[in-house]
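> Have a look at this one before I ask anything.
The values are calculated or read from the model by the stated rules, or taken from the named source; none is laboratory data. This is a predicted model, so every value here is computed, not measured. Every residue, glycine among them, receives a Cβ derived from its backbone with ideal geometry; neighbour counts consider all protein chains shown. Surface accessibility is based on the protein's heavy atoms, side chains included, excluding ligands, DNA and RNA. Shrake-Rupley method; radii C 1.70, N 1.55, O 1.52, S 1.80 Å.
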Amino acid sequence: MNIGKPLLAACATALAVTLLFTWLPHAAWQNTVNRGDVAVFRPTPAVRLTNNNLVDVLVAVQLNERIKKADWSNGVLSVDMRVSTSGGRPGLWFADVEKLVRVSFLQLENVKRILIRMVEERGNGPVLLAAVDVRKTDEWLINEMQFLSRADPVHDEMWRKRLRVSFTSAWEERFGPIAGFTVKPSFISQEE
């Protein structure tokens with residue numbers, strides 16, 4: 001048996017296939033106008049939030065503050081933002097709230113509610129400063145979402161109500177009393 005000819009043919013075929021695969025990316029059928037990102041690596045915004053893409057969606061938002069915890073369950077996105085004890089301004093924190101609300105209700109189609117908590121890490125553990133609760137059924141989302149970037153829920157009671165912002169005593173210790181903040185406990189009649 002002469003195995004020299006079949007072995008030589010196999011080597012030549014392997015070399016030809018290797019050269020063909022090397023040449024394919026530079027083939028003439030790939031014109032220069034369409035060069036750019038390969039479709040597999042082209043970023044496409046998520047349309048539906050899942051536990052599999054939760055991290056990717058939140059990283060893409062590019063928040064000013066760090067996320068301590070995020071949870072996705074039954075149409076509710078819960079995010080705990082870790083705010084600095086030494087620095088940081090509420091304006092930046094609420095800019096992050098705006099980004100999260102926009103992504104949740106303008107980009108993602110399956111978010112029904114977003115809960116955002118601003119948590120400060122202290123030596124004795126985490127302390128809740130404020131919480132935000134926005135729902136897809138909120139009427140202002142349809143007509144007034146464009147004004148959210150200029151909203152100041154700390155000083156504007158209308159935006160506090162729209163975002164359902166709750167401030168804690170820890171917030172007031174750090175920043176002082178909330179200007180114009182009024183809340184009636186649920187057991188008091190609204191007619192008073």
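> Among the residues of region 105-120, how many are open to solvent by 60 Å² or more (accessible area, probe 1.4 Å) and not in a helix (DSSP H, G or I)? Steps first, please.
Here is the first cut: in region 105-120, the ones open to solvent by 60 Å² or more (accessible area, probe 1.4 Å) are 106-107, 109, 112-113, 117.
After this cut, where a residue has to be not in a helix (DSSP H, G or I) as well, the list is 109, 112-113, 117.
The qualifying residues number 4.
> In addition: Can you tell me which of (1) of a type outside the set (S, T, N, Q); (2) out of contact with any strand residue (DSSP E or B) (no Cβ under 9 Å at 6 or more places or on another chain); (3) exposed (fewer than 14 other Cβ atoms within 10 Å of the Cβ) is the one residue 151 doesn't meet?
Condition not satisfied by residue 151: (3).
> Just to be sure, is residue 71 loosely packed, with under 15 Cβ neighbours inside 10 Å and at pLDDT below 90? Steps first, please.
Working: loosely packed, with under 15 Cβ neighbours inside 10 Å: yes; at pLDDT below 90: no.
For residue 71, the condition - loosely packed, with under 15 Cβ neighbours inside 10 Å and at pLDDT below 90 - is not met.
> When the residues of region 78-122 are narrowed to those that are of a type in the set (S, T, N, Q) and at pLDDT below 95, which ends up nearest to residue 45 (Cα to Cα)?
As a first pass, look at region 78-122 and keep what is of a type in the set (S, T, N, Q): 78, 84-86, 104, 107, 110.
Next, from what is left, pick out any that are at pLDDT below 95: 84-86, 104, 107, 110.
On the way: 84: 30, 85: 33, 86: 34, 104: 12, 107: 8, 110: 14 Å.
Among those residues, the one meeting the criterion is 107.
> Taking into account only those residues within region 122-134 that are in a strand (DSSP E or B) and more than 16 Å from residue 175 (Cα to Cα), which is most open to solvent (accessible area, probe 1.4 Å)? Talk me through it step by step, then tell me what you get.
So the first thing to find is which residues in region 122-134 are in a strand (DSSP E or B), and the list is 122, 125-134.
Pick out the ones that are also more than 16 Å from residue 175 (Cα to Cα) and you get 125-126, 132-134.
On the way: 125: 17, 126: 80, 132: 5, 133: 20, 134: 0 Å².
The extreme case among them is 126.
Listed here are the residues, each with its yes/no results for (1) among the aromatic types (Phe, Trp, Tyr); (2) out of contact with any helix residue (DSSP H, G or I) (no Cβ under 9 Å at 6 or more places or on another chain).
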residue	(1), (2)
60	no, no
66	no, yes
111	no, no
116	no, no
140	yes, no
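> What number of residues in region 80-94 are surrounded by fewer than 17 Cβ atoms within 10 Å (Cβ to Cβ), assigned to a helix (DSSP H, G or I) and free of Cβ contacts under 8 Å to residues at least 60 places away in the same chain?
Final tally of qualifying residues: 1.
> Can you name the condition, by its number, that residue 137 falls short on among (1) open to solvent by 20 Å² or more (accessible area, probe 1.4 Å); (2) part of a strand (DSSP E or B)?
Going through (1) open to solvent by 20 Å² or more (accessible area, probe 1.4 Å); (2) part of a strand (DSSP E or B) one by one, residue 137 breaks only (2).
> Residue check, residue 46 against (1) assigned to a helix (DSSP H, G or I); (2) more than 21 Å from residue 168 (Cβ to Cβ); (3) in contact (Cβ under 8 Å) with a residue 24 or more places away in the chain, all met but one. Which one?
It fails just one condition, (1).
> Same structure, new question: Do we find a residue being at pLDDT 55 or above, touching a Phe, Trp or Tyr at 6+ places or on another chain (Cβ under 8 Å), under 30 Å from residue 107 (Cα atoms) and open to solvent by less than 90 Å² (accessible area, probe 1.4 Å) anywhere in region 30-48?
no
> Just to verify a result, which residue in region 154-177, among those that are among the aliphatic types (A, V, I, L, M) and under 20 Å from residue 98 (Cα atoms), is surrounded by the fewest Cβ atoms within 10 Å (Cβ to Cβ)?
Within region 154-177, the subset among the aliphatic types (A, V, I, L, M) is 154, 158, 163, 165, 170.
Those left that are additionally under 20 Å from residue 98 (Cα atoms): 154, 158, 163, 165.
Details: 154: 20, 158: 12, 163: 25, 165: 23.
Of everything passing the filter in region 154-177, 158 is surrounded by the fewest Cβ atoms within 10 Å (Cβ to Cβ).
> Sticking with this one: For region 54-62, state whether one or more residues are open to solvent by less than 50 Å² (accessible area, probe 1.4 Å), at pLDDT 85 or above, in contact with a strand residue (DSSP E or B) (Cβ under 7 Å, 6 or more places away or on another chain) and not small (Gly, Ala, Ser).
Within region 54-62, the first condition is being open to solvent by less than 50 Å² (accessible area, probe 1.4 Å), and the residues that meet it are 54, 57-58, 61.
With the extra rule that they be at pLDDT 85 or above, the set shrinks to 54, 57-58, 61.
Next, only the ones that are in contact with a strand residue (DSSP E or B) (Cβ under 7 Å, 6 or more places away or on another chain) stay: 54, 58.
Next cut, not small (Gly, Ala, Ser) only: 54, 58.
Taking every residue of region 54-62 in turn, at least one turns out to be open to solvent by less than 50 Å² (accessible area, probe 1.4 Å), at pLDDT 85 or above, in contact with a strand residue (DSSP E or B) (Cβ under 7 Å, 6 or more places away or on another chain) and not small (Gly, Ala, Ser).
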